[in-house]
Amino acid sequence: MNKNLKMIVWLAVGLLGTFALSTIALNRGESINALWLITAAVCIYAIAYRFYAAWIAAKVLVIDETRATPAERLDNGRDFVPTNKWIVFGHHFAAIAGPGPLVGPTLAAQFGYLPGTLWILIGAVLGGAVQDMVTLFFSTRRDGRSLGQMARDEIGVIGGTAALVGTFLIMIILIAVLGLVVVNAMKHSPWATSTVAATIPIAMFIGLYMRNIRPGRVLEASAIGVSLLLLSVLAGGWVDHNESLRVLFDHEGLPLAYAIIVYGFAAAVLPVWLLLAPRDYLSTYMKLGTVVALAIAIVILRPEIHMPALTQFTDGTGPIFGGKLFPFVFITIACGAISGFHALISSGTTPKLLTNERDIRMIGYGAMLLESFVAIMAMIAATVLEPGVFFAINSPAGVVGKEAVDAVAKINSWGFVVTVEQMNQLARDMGESSLFARTGGAPSLAVGMASIFGSAFGKHLLALWYHFAIMFEAIFILTTLDAGTRVGRFMLQDMLGNFNKKLGETSYMPSVIFTSALVVAGWGYFLYIGVIDPNGGVNILWPLFGIANQMLAAIALCVATGILVKSGKLNYAWVTALPLTWLVTITTTAAYQKIFSDDIRVGFFAAANDLSAKLTTGALPADKAAVAPQLIFNQHLDAYLTLFFVAVLWVVIIDMLAVCKCCLKGKPVLPLSEVPHSATQLNDAWVRD
Amino acid sequence: MLKKLKNFWRCIWPMVRQLSGDDAYERYLKHYAEYHAELENLEPPLGREAYFKQWQDGKWKGVRRCC
């Protein structure tokens with residue numbers, strides 16, 4: 001294509017994107033078509049990828065195609081292997097995309113569709129994708145070293161330790177909140193519970209199949225597994241209609257939480273091949289298949305978005321979680337906009353497969369854009385619901401009342417239309433006993449997906465689509481839970497190994513059991529508190545997770561900024577310093593409000609004090625009074641945890657600034673740990689394309 | 001049309017296999033033949049089952065999943 005034509009095409013993309021974005025932002029009418037969101041997203045991603053990412057690659061990082069990557073230099077046929085770029089992209093995307101981008105946007109939709117959408121787009125393009133890309137680059141230049149190691153090498157011991165401790169704590173909170181999402185999806189739903197339960201023996205069977213029956217036939221085993229999973233959704237419906245079977249799977253939240261805790265422990269102790277590995281395969285296929293199907297359905301169907309652009313809850317009175325638009329929309333949507341967790345994949349795992357530095361833009365920046373797109377689709381699935389229905393499903397009983405009539409009256413008083421009959425009909429359509437107060441985001445996402453799939457591929461199957469969506473969410477939430485518990489165990493063993501050598505051995509069974517139990521107890525505690533909390537628990541845990549995840553992102557950006565300054569690229573350091581400044585602002589503000597706010601729905605201490613005052617005056621009903629002491633303790637614990645996160649973050653920032661200052665003044669700093677240049681020998685056409 | 005689909009499939013299928021690890025053993029044998037052929041008598045390549053075990057265990061060290 002000649003140059004002028006190219007310019008015209010990009011100009012058209014730019015104009016279309018601007019037009020779509022202004023349509024989204026300025027629309028104050030009844031509803032807007034979801035296609036505008038998709039159009040705006042695709043145009044913004046395309047322009048950012050073509051210009052911003054390319055500029056970062058060429059000018060800021062100065063990608064060197066002639067340089068041999070660690071995969072080439074250290075090729076051992078195992079973890080270091082030069083790999084086709086599409087394959088690396090696939091592995092990288094499968095590893096970074098978890099349930100986070102599905103849950104966050106759903107919760108943030110309480111502010112309306114606009115704030116979350118803008119943050120997902122801008123945050124990904126200027127923050128998240130940049131973080132993933134620069135981390136991937138710096139790790140590639142350092143033999144694929146992990147974020148923690150890079151922080152230690154480049155900034156100092158404090159930075160390295162902070163990254164390690166931060167990762168561990170995020171893991172604990174992440175698993176707890178994801179466990180809570182699954183529990184809330186299974187509560188009093190025999191269909192969902194039996195389907196999710198069935199995924200465990202299915203995964204084990206596939207594990208045995210791949211290991212013993214037909215060793216290494218991964219695709220064959222996966223095909224069988226996926227068919228069995230689909231069958232389990234059908235079987236769940238059958239269980240639901242069978243009076244004697246359904247009582248076996250009809251449970252309150254607490255027994256389900258205990259079941260998840262026991263399961264999590266078993267999964268961490270059992271060998272990987274039996275449960276974790278096969279489950280990971282199945283969930284990856286499910287995830288990719290469902291995301292692609294959802295995208296196709298949205299494009300075919302072009303659903304209308306019924307949620308207003310902004311709701312009155314931007315003032316901080318929202319039912320799903322308390323807190324104003326700033327900073328809480330930025331905390332609630334972490335994955336999908338910017339996620340610190342990705343830095344762990346971008347360093348360590350992916351660089352060891354990279355054939356040429358040229359591919360860093362596509363893999364680091366591109367995969368994050370795709371994840372951001374998944375978040376946009378989750379936003380669409382949440383906002384195509386009638387707002388009244390959305391709030392009825394997502395508002396906890398502690399806010400709108402336990403009885404359906406009270407909940408409906410309360411939601412109507414906010415100006416959102418919904419009736420008890422409408423909700424009952426919806427629950428019947430979806431094959432559930434009730435859809436009121438099903439917090440956590442999974443049920444409302446499933447209703448949204450079921451209605452989109454239902455209209456695109458057949459309406460009479462709504463209940464099946466709903467439970468398919470629940471199964472799809474549950475299976476990869478449980479995968480994250482398994483894998484996270486295991487990683488937490490490894491980290492803990494690594495740390496304890498400094499004190500007692502025996503405890504550090506990953507195959508020493510008493511140590512395995514002890515450390516797994518500690519990790520499970522950690523997240524099990526938060527899961528338990530979340531389940532007994534009448535406000536649903538998600539409103540506490542999710543912001544905590546958001547703050548932790550953004551903190552890790554800030555640490556990754558700190559390391560990157562430090563390296564840029566040390567490499568004499570002060571003029572370009574804003575590329576990472578800009579998102580870093582924003583993250584520090586939002587996490588610090590959010591943490592400040594979570595600790596010191598007088599609003600009992602925001603401030604941890606305010607909530608604790610309010611609860612203990614009510615407890616002493618006897619204003620609480622008996623069932624709430626029974627759990628109040630535990631809730632009060634938990635509010636205090638959460639406050640100190642938040643304080644700890646912010647303290648860690650500021651320590652790393654000050655450390656980084658000190659290093660930069662020394663460097664700019666010409667004083668000695670830790671040397672750059674970049675591996676020296678060696679020319680690539682690969683005529684890489686065969687691996688790359 | 002049919003031919004195009006066939007070509008497309010021919011291009012996609014090896015990728016799917018590699019992404020999933022379905023062909024990991026074949027790739028291992030190739031790597032072995034290329035780099036360690038001189039060891040053939042001392043240390044023959046692993047069998048499919050033994051290799052798969054090693055591959056799977058190796059894959060699960062470290063962070064593999066995000067949020």
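Every number here is computed from the coordinates shown, using simple stated rules; none is lab data. Predicted model only: the values in this text are computed from it and were never measured. Cβ placement follows ideal geometry from the backbone for every residue including glycine, while neighbour counts extend to all protein chains displayed.
A few remarks follow.
- Filter result for the condition that a residue is crowded, with 18+ Cβ neighbours inside 10 Å, within 14 Å of chain B (Cβ to nearest Cβ), of a type in the set (Val, Ile, Thr) and within 30 Å of the chain's Cα centre (by Cα), over A:Val218, A:Val233: A:Val218
- Among the residues making up region A:49-69, a single one is more than 29 Å from the chain's Cα centre (by Cα), in contact (Cβ under 8 Å) with a residue 60 or more places away in the chain and part of a helix (DSSP H, G or I): A:Lys59.
- Residues considered: B:Glu34, B:Glu38. Of these, the only one that is part of a helix (DSSP H, G or I), closer than 29 Å to A:Phe89 by Cβ and out of contact with any Asp or Glu (no Cβ under 6 Å at 6 or more places or on another chain) is B:Glu34.
- Filter result for A:Arg142 (away from chain B (no Cβ under 13 Å) and either outside any helix (DSSP H, G or I) or in contact with a Ser or Thr (Cβ under 7 Å, 6 or more places away or on another chain) (or both)): yes
- Members of region A:306-340 that are surrounded by fewer than 24 Cβ atoms within 10 Å (Cβ to Cβ) and over 26 Å from A:Ala607 (Cβ atoms): A:His306, A:Pro308, A:Ala309, A:Leu310
- Consider region A:92-101 and keep the residues that are over 8 Å from the mean Cα position of the chain (by Cα) and facing chain B (nearest Cβ under 7 Å). The one that is surrounded by the fewest Cβ atoms within 10 Å (Cβ to Cβ) is A:Ala95.
- Some residue of region B:23-35 being in contact with a Lys or Arg (Cβ under 7 Å, 6 or more places away or on another chain) and either within 11 Å of chain A (Cβ to nearest Cβ) or surrounded by fewer than 17 Cβ atoms within 10 Å (Cβ to Cβ) (or both): yes
- Residue list for region A:583-604, filter: surrounded by fewer than 22 Cβ atoms within 10 Å (Cβ to Cβ) and of a type in the set (Lys, Arg): A:Arg601
- Just one of (1) more than 30 Å from A:Asn549 (Cβ to Cβ); (2) part of a helix (DSSP H, G or I) fails for B:Glu43. It is (2).
- Set A:Ala577, A:Ala573, A:Ala553, A:Ala548: member being among the aliphatic types (A, V, I, L, M), within 14 Å of chain B (Cβ to nearest Cβ) and either surrounded by fewer than 22 Cβ atoms within 10 Å (Cβ to Cβ) or over 20 Å from A:Ile529 (Cβ atoms) (or both): A:Ala553
- Residue in region A:355-369 that is more than 21 Å from A:Asn84 (Cβ to Cβ), among the hydrophobic types (A, V, I, L, M, F, W, C) and part of a helix (DSSP H, G or I) present: no
- Residue match in region A:656-665 (condition: part of a loop (DSSP other than H, G, I, E, B) and not hydrophobic (A, V, I, L, M, F, W, C)): yes
- Residue in region A:478-492 that is away from every other protein chain (no Cβ under 11 Å) and surrounded by fewer than 23 Cβ atoms within 10 Å (Cβ to Cβ) present: yes
- For B:Asp57, the requirement of being among the charged types (D, E, K, R), surrounded by 11 or more Cβ atoms within 10 Å (Cβ to Cβ), farther than 13 Å from A:Arg217 by Cα and facing chain A (nearest Cβ under 7 Å) is met.
- The set of residues in region A:179-195 that are assigned to a helix (DSSP H, G or I) and among the polar types (S, T, N, Q) comprises A:Asn184, A:Thr193, A:Ser194, A:Thr195.
- Failed item in (1) within 14 Å of chain B (Cβ to nearest Cβ); (2) over 23 Å from A:Pro303 (Cα atoms), with A:Glu371 passing the rest: (2)
- Checklist (1) assigned to a helix (DSSP H, G or I); (2) touching a helix residue (DSSP H, G or I) at 6+ places or on another chain (Cβ under 6 Å) applied to A:Phe490, failing item: (2)
- Scan region A:346-373 for residues that are surrounded by fewer than 24 Cβ atoms within 10 Å (Cβ to Cβ) and within 17 Å of A:Thr332 (Cα to Cα) and the total you get is 1.
- Verdict on A:Met150 being within 14 Å of another protein chain (Cβ to nearest Cβ), surrounded by 22 or more Cβ atoms within 10 Å (Cβ to Cβ) and out of contact with any Cys (no Cβ under 7 Å at 6 or more places or on another chain): no
- Taking every residue in region A:291-306 that is closer than 21 Å to A:Pro387 by Cβ and pairing it with any residue that is hydroxyl-bearing (Ser, Thr, Tyr) and crowded, with 20+ Cβ neighbours inside 10 Å, at least 6 positions away or on another chain, the pairs with Cβ-Cβ distances below 9 Å are A:Pro303/A:Ser451; A:Ile305/A:Tyr113; A:Ile305/A:Thr383; A:His306/A:Thr383.
- The one condition from (1) at the interface with chain B (Cβ under 10 Å from one of its Cβ atoms); (2) on the phi < 0 side of the Ramachandran plot that A:Gly77 does not meet is (2).
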